1. Could you check the simple spin-label distance between Ile29 and Leu79, using points 7 Å along Cα→Cβ, in nm with one decimal?
2. Between Ala18 and Met62, what is the label-to-label distance in nm when each label sits 7 Å out along the Cα-to-Cβ direction?
3. Would you mind getting me the FRET efficiency between Glu164 and Met95? Use the beta-carbon distance for r and R0 = 45 Å, nearest 0.05.
4. Per 0.36 nm of contour for each residue apart, how much would the distance between Arg106 and Ile41 grow if the chain were fully extended, relative to their Cα-Cα spacing?
5. Could you give the length gained on full extension between Ile4 and Arg119, defined as 0.36 nm per residue of separation minus the Cα-Cα distance, in nm?
6. Apply the Karplus curve 6.51 cos²θ - 1.76 cosθ + 1.60, θ = phi - 60°, to the phi angles in the range 111-117 and return the couplings in whole Hz, x for Gly and Pro.
Amino acid sequence: MGLILLALFIGVPIAEIALFIAVGEQIGILATIGIVILTAIAGTMLVRQQGFSTLQKARAEMDRNRLPADQMAEGLAILIAGVLLLTPGFLTDAMGFALLIPPVRRAIIAFVGKSMAARFTVVDMPGDIRGGTVHGSTHRGPNQSGPGRPASRGDDVIDGEAVEIDRDDADRGESDRSAPKPGAGSASPWRQ
């Protein structure tokens with residue numbers, strides 16, 4: 001991965017310089033600079049429009065009590081597109097404009113998501129994202145335990161339960177009476 005990043009940091013600027021020279025010889029220096037400025041302006045307008053659209057979709061998902069994961073990924077891709085479009089150069093502009101085409105952007109997001117999912121364990125915790133109680137977890141990864149499967153050797157995932165405690169009750173010392181007290185019935189090192 002480090003070699004790929006190093007190649008990009010060295011290769012992209014060299015390619016941009018070569019393209020500037022080639023285009024500048026064909027249409028002239030002032031026209032080349034004008035194109036770079038116009039693509040930056042057009043790109044900024046497109047990034048702004050698509051960014052606001054994605055933000056509205058994310059708000060709609062949150063109003064439905066759903067995590068706007070797709071919109072967050074699209075927002076990140078649009079941000080990267082904006083950075084590429086503001087960077088002077090024809091190659092970076094081409095990559096930036098490609099990210100602003102929704103089908104291309106979604107295909108890139110799907111590819112990156114699949115490659116990341118292959119490297120990491122995905123833990124899904126069903127429940128309401130705006131608070132409340134979340135119960136259990138489901139594992140979806142190679143050689144991981146999940147519903148109906150025994151835990152594999154070396155599994156370091158801990159299933160648990162989160163209980164929301166009202167701040168006023170906690171200040172008075174009146175937490176949920178049905179929940180067991182920490183360290184109750186056992187010698188716990190966390191007991192006060």
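Each value in this text was obtained by applying a stated rule to the coordinates, not by laboratory testing. This one's a predicted model, so the numbers in the text were calculated from it and none came from an experiment. Virtual Cβ from ideal backbone geometry, glycine too; neighbours counted across all protein chains shown.
1. With each label point 7 Å from Cα toward Cβ, the separation is 3.8 nm.
2. The answer from the label model is 4.5 nm.
3. Values: r = 45 Å, r/R0 = 0.99.
The formula returns an efficiency of 0.50 here.
4. So the extension gain works out to 21.0 nm.
5. Length gained, Ile4 through Arg119: 39.6 nm.
6. Those phi angles translate into 5, 5, x, 5, 5, 6, 5 Hz.
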